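Enquirer: Dumping the structure here so I can ask a few things about it.
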Amino acid sequence: MSLVLPREEEVENIFSRILSSDKSCERLIETFYDHLCDDNRYMDPDPHHFAEVLLNAYKNGDVSAFLLEICNRSMFDLLKEAYLIPKRFHGKSGENPVLLTDADGNLLEDKKELVTKHEYKKFCEIYKSHHAAPRSKLYLADGYDLVRYYTSDMNICEKQENRERGILILYALPDTKKLNLTEAQAYDVIWSTFHEIQKEAFSAIVYYGQETGNKSGKSFDELGVLLPIHQFESKMLQHLGVIDGLVLSCREKMIKSAGSNSLDL
């Protein structure tokens, strides 16, 4: 039985980046050992299931499967939780983040009861005041940690945890799949920009999706940055301006590499 999780291959480039940064290594080890401390440690209630997972992970040389059993986090889950790679963007109608408004700033009908007047008022203020960069949009959205776990029959399920409500700014980027890049390789392309965003706003949640956007029959990648309202309320516009500059600079470099026709601006 193969337990290698999808999209968790070819992480060598990402780890070469991590190993070159003492701070990145510190983030990773702190996140890992936090899951092994007494307060957060996961213990499988079924010894037979534990042994079965351990054997399959050993036979397949599957570190990610082993990590998922001992700390409820896969390799990529740990990297995301340590703010070392972006979370996966699931598209505008996906499960993470969940959009609460449309592209024009209006609350979606089925989400109105979930949003307070204060939250929507703050969003509208930012929406009207922020001058959106080309091929970018603002949304009110809920972001989550998607935590995976083994079921008793050795399947992997997923659940949402740690909701953060914030303002999501979503950018269109060139289609990296057309450049034959895997998701891990795409993360490597935007590594510097991702970390510059973290320096500007450490607790911002960054998402990346390959071919999650489509316009005029052309697919494109998307990068989203969610700024939690309760943390960035007073400096939201300032952070958005800096993030615009960082992402647009990254986009320009990607277009130079992919060709001028890789993204219509």
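Enquirer: Go through region 188-209 and count every residue that is within 16 Å of SER249 (Cα to Cα) and of a type in the set (Gly, Ala, Ser).
Expert: Going through region 188-209 one residue at a time, the tally reaches 1.
Enquirer: Would it be correct to say that SER234 is surrounded by fewer than 21 Cβ atoms within 10 Å (Cβ to Cβ), modelled with pLDDT under 90 and at positive phi? If you could, list the steps in order and put the result at the bottom.
Expert: Details: surrounded by fewer than 21 Cβ atoms within 10 Å (Cβ to Cβ): yes; modelled with pLDDT under 90: yes; at positive phi: no.
In short, no.
Enquirer: Something else now. Go through region 147-189 and report how many residues are crowded, with 17+ Cβ neighbours inside 10 Å, under 30 Å from ASP44 (Cα atoms) and modelled with pLDDT of 90 or more.
Expert: Qualifying residue count for the region: 1.
Enquirer: Which numbered condition trips up GLU125, out of (1) farther than 30 Å from PHE66 by Cβ; (2) touching a residue at least 40 places away in the same chain (Cβ under 8 Å)?
Expert: Of everything listed in (1) farther than 30 Å from PHE66 by Cβ; (2) touching a residue at least 40 places away in the same chain (Cβ under 8 Å), GLU125 misses just condition (2).
Enquirer: Further, regarding this structure: State all residues of region 169-219 that are within 28 Å of ILE126 (Cα to Cα) and β-branched (Val, Ile, Thr); if no residue qualifies, say none.
Expert: Within region 169-219, the subset within 28 Å of ILE126 (Cα to Cα) is 169-174, 190-215.
Once the filter is applied, which keeps residues that are within 28 Å of ILE126 (Cα to Cα) and β-branched (Val, Ile, Thr), region 169-219 yields ILE169, ILE190, THR193, ILE197, ILE205, VAL206, THR212.
Enquirer: Name every residue in region 67-79 that is under 16 Å from ASN13 (Cβ atoms) and either in the same structural domain as ASP188 (by TED's automatic domain parsing) or modelled with pLDDT of 85 or more (or both), in order of residue number.
Expert: LEU79
Enquirer: So, of the residues in region 154-178 that are in a loop (DSSP other than H, G, I, E, B) and not assigned by TED's automatic domain parsing to the domain that holds GLU125, which turns out to be farthest from the chain's Cα centre (by Cα)?
Expert: My answer is MET154.
Enquirer: Could you list, in sequence order, all residues of region 248-261 that are surrounded by 15 or more Cβ atoms within 10 Å (Cβ to Cβ) and at pLDDT below 90?
Expert: ALA258 - this is the single residue of region 248-261 that is surrounded by 15 or more Cβ atoms within 10 Å (Cβ to Cβ) and at pLDDT below 90.
Enquirer: Tally up the residues in region 192-251 that are part of a strand (DSSP E or B) and more than 16 Å from LEU170 (Cα to Cα), please. Break it down into steps so the answer makes sense when it comes.
Expert: First pass over region 192-251, keeping only residues part of a strand (DSSP E or B): 205-215, 218-228.
Imposing the further condition that a residue be more than 16 Å from LEU170 (Cα to Cα) reduces the set to 218.
So the answer is 1.
Enquirer: Hey, which of the helices (runs of 4 or more DSSP H) in region 26-125, taking only ones fully inside, have at least 2 residues that are over 20 Å from the mean Cα position of the chain (by Cα)?
Expert: Values: elements: 47-60, 63-71, 75-81.
Filter on region 26-125 gives 47-60, 63-71.
Enquirer: If you don't mind, there's one more thing I want to ask. Quick one: which residue in LYS87, LYS112 is basic (Lys, Arg) and either surrounded by fewer than 17 Cβ atoms within 10 Å (Cβ to Cβ) or closer than 16 Å to ILE229 by Cα (or both)? Show your work before the answer.
Expert: Values: LYS87 fails: either surrounded by fewer than 17 Cβ atoms within 10 Å (Cβ to Cβ) or closer than 16 Å to ILE229 by Cα (or both).
The unique qualifying residue is LYS112.
The values are calculated or read from the model by the stated rules, or taken from the named source; none is laboratory data. On a predicted model such as this, the values are computed, not experimentally measured, just so you know. Don't worry about glycine lacking a Cβ; one is built from the backbone with ideal geometry, like all the others, and counts go over all protein chains shown.
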